[in-house]
Amino acid sequence: MDVAVAGTALVLLSPLLLVLCLAVRLTSPGPALFRQVRLGQHAQPFLLYKLRSMRVVTGGCELTAAGDPRVTAVGALCRSTSLDELPQLWNVLRGDMTLVGPRPETPALAAGYPPACRWVLQHRPGLTGPAQVRFRDRTALQDCGSDLEGYYLGVVVPQKVAWDADFLAGPTVRRTLAVIWETARHLAGLPVGRLAAAPTGAAAERP
């Protein structure tokens, strides 16, 4: 299903991707695509592709909160609609990622994961997922103060992993399609049905 969906989507969306790449290049100096090393299944590194949504700068925090001045105007539009994630269909087609799974994390942030959450790094990351639909980093981090990374690793990650654990305990085709449908509704601005409340305490344990 990963290969069929990702391959078909890349063909159908290629005109849109071309327009977006041109828009990124024409409105901000730098490449159209952003490449970054992320961790895949069993914490193996791979090169993830996204549309570049930020100005080309050296250094800076790996996390992006709401109002980050590094984000370009076109980038803000792409982020709000998740269009910047479309090139990751290539990662799905290659087998680096799957359609539904946990967030593909950077090595630096993964190194700071709480011990009880590290199990999630053994699973193949997803283009979308229950946690990714309900926990947008730019929203979750907008009121966390100056310590973005500390708040993300100590508060946001355990909650996201708890949502992932619920799905990974039984990742059936039916549930995968349900998450994809929820993602489509979310991107269209429609309400997303809630899953059962994310467990706590043992929430981050391996399913």
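Read-outs throughout are calculated quantities, based only on the coordinates presented, and are distinct from any laboratory measurement. As the structure is a computational prediction, the values presented were derived from the model and not from experiment. For neighbour counting, all protein chains shown are included, and Cβ atoms are generated from backbone atoms with ideal geometry for every residue, glycine included.
Rounded to the nearest 0.05, what FRET efficiency is calculated for residue 184 and residue 33 with R0 set to 25 Å and r the Cβ-Cβ distance? The partial results should precede the final answer.
Numbers: r = 24 Å, r/R0 = 0.95.
Computed FRET efficiency for residue 184 and residue 33: 0.55.
For segment 2-204, calculate the relative contact order in percent as a whole number, restricting contacts to Cα pairs under 8 Å that are 6 or more residues apart. Provide the component values of the computation, followed by the final result.
On the way: 285 pairs, mean separation 41.9, N = 203.
21 percent.
So, in nm, how far is label residue 149 from label residue 12 when the simple model puts each one 7 Å beyond its Cα toward the Cβ?
4.0 nm
Can you compute the helix-only [θ] at 222 nm over the chain? Use -39500 (n - 2.57) per DSSP H run of at least 4 residues, normalise by all residues, nearest 500 deg cm²/dmol.
Working: 9 runs with 87 residues, N = 207.
Calculated from helices alone, the mean residue ellipticity at 222 nm is -12000 deg cm²/dmol.
Would you list the membrane-span-like helices of the chain, meaning whole DSSP H runs whose alpha-carbon atoms span at least 30 Å along their axis and whose mean Kyte-Doolittle value is at least -0.5?
On the way: long enough: 2-27 (33 Å, 2.03).
Span-like helices here: 2-27.
Picking from 24, 45, 132, whose Cα lies most toward the positive end of the charge dipole for segment 2-204 (charges on Cβ: Lys, Arg +1; Asp, Glu -1)?
The one lying farthest along the dipole's positive direction is 24.
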